[in-house]
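Enquirer: Quick one: this structure, given as structure tokens, is what I'll be asking you about.
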Amino acid sequence: MRLLAWNIRAGGGVRIEAITAALVRHDAEILVLSEYRAGLAGARLRAALASRGYHWMSRTEPPAGANGVLIAARRRLRELGPVSSDVPEPWRMLGVAVGRLRVTGIYMPNLRAKVPYWEALIASLATQVGDPALAVGDFNTCRAWLDESGAIDVTAHFLDRVEAAGFRDVWRHRFPERREFSWFSHRGNGFRIDHAFFSASLAKRAGTIRYSHTERELGLSDHSPLLIDLRRSSGGGAAAG
């Protein structure tokens, strides 16, 4: 089973059809799209996805003009709602269940505004350690001198805290020294801020995990999609049940 996470930039706008075509080419079963916007853009995106077989989608909508998360799937999903109602913009972190798999889609704010979101997410993930669970999306957080060329992110320590809570950044564990950026600023500075954190049981089933940079290079977004393949469990059932 394949899962794709992608920040589509400002709701997609006139790029929605090209974005949808790119999503279809990757043939993922579950999509986690950040910088999703409601209103006309959201309706167009939902209709385009539904026409391509993504009939189940999260229903939580951000307010007009705000960015949030949309989770869409080709199989039935059960909406779990926002991770926390105590953060300023709850629509930035949403949970769903697809079979036994729990997916939390993330779009964190910038700078120190991330702190309450990280705290709420870690508290939530601590209750999911024993489940096949995944937190994935745009965390706007990166490790100094590795996921960025400098050390400007003052919240980088949360990457260690989420691992201490029992969730592993499988990509970084596989490529401990690799520098590969998923987003570039208008100044041309690169950062790896799009991540996937796996519970221990799900990490055992992680197959290929990679970034696709073609979409960013073509200008469909300023972020690269993150692609995750999940193998079947040792018991022979599908990874998502």
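The values are calculated or read from the model by the stated rules, or taken from the named source; none is laboratory data. Given the structure is predicted, the values throughout are model-derived calculations rather than measurements. Glycine also receives a Cβ, built like all others from the backbone with ideal geometry; neighbour counts cover every protein chain displayed.
Enquirer: Tell me, which residue of segment 99-126 that is buried (at least 16 other Cβ atoms within 10 Å of the Cβ) and among the basic types (Lys, Arg) is nearest to residue 30 (Cα to Cα)?
Expert: Filtering first and then ranking leaves 102.
Enquirer: Here are some residues: 124, 201, 182. Which one is among the polar types (S, T, N, Q), in contact with a Phe, Trp or Tyr (Cβ under 6 Å, 6 or more places away or on another chain) and at pLDDT 95 or above?
Expert: 182
Enquirer: Oh, and also: Working only within segment 62-118, note down all residues that are polar (S, T, N, Q) and part of a strand (DSSP E or B).
Expert: 104
Enquirer: Does segment 5-25 contain any residue that is crowded, with 18+ Cβ neighbours inside 10 Å, in contact with a helix residue (DSSP H, G or I) (Cβ under 8 Å, 6 or more places away or on another chain), without any contact (Cβ under 8 Å) to a residue 60 or more places away in the chain and part of a loop (DSSP other than H, G, I, E, B)?
Expert: Looking through segment 5-25, at least one residue is crowded, with 18+ Cβ neighbours inside 10 Å, in contact with a helix residue (DSSP H, G or I) (Cβ under 8 Å, 6 or more places away or on another chain), without any contact (Cβ under 8 Å) to a residue 60 or more places away in the chain and part of a loop (DSSP other than H, G, I, E, B).
Enquirer: Kindly indicate whether residue 163 is closer than 25 Å to residue 190 by Cα and in contact with an Asp or Glu (Cβ under 9 Å, 6 or more places away or on another chain).
Expert: Judged against the criteria, residue 163 is a match.
Enquirer: Let me ask another. Look at residue 173 and say whether it is modelled with pLDDT of 95 or more and out of contact with any Lys or Arg (no Cβ under 6 Å at 6 or more places or on another chain).
Expert: yes
Enquirer: Now a separate question. Given the conditions (1) more than 19 Å from residue 202 (Cα to Cα); (2) among the acidic types (Asp, Glu); (3) out of contact with any Cys (no Cβ under 7 Å at 6 or more places or on another chain), report the number of the one that residue 153 does not fulfil.
Expert: (3)
Enquirer: Residues 236, 190, 207, 241: which one is touching a strand residue (DSSP E or B) at 6+ places or on another chain (Cβ under 9 Å), at positive phi and either at pLDDT below 95 or not polar (S, T, N, Q) (or both)?
Expert: After applying the criteria, what remains is 241.
Enquirer: Does segment 156-203 hold any residues that are of a type in the set (Ser, Thr, Tyr), under 13 Å from residue 133 (Cβ atoms) and under 17 Å from the mean Cα position of the chain (by Cα), and which are they?
Expert: Passing the criteria: only 199.
Enquirer: Need the failing condition index for residue 163 against (1) assigned to a loop (DSSP other than H, G, I, E, B); (2) charged (D, E, K, R); (3) within 30 Å of residue 232 (Cβ to Cβ), just the number.
Expert: Unmet for residue 163, out of (1) assigned to a loop (DSSP other than H, G, I, E, B); (2) charged (D, E, K, R); (3) within 30 Å of residue 232 (Cβ to Cβ): (1).
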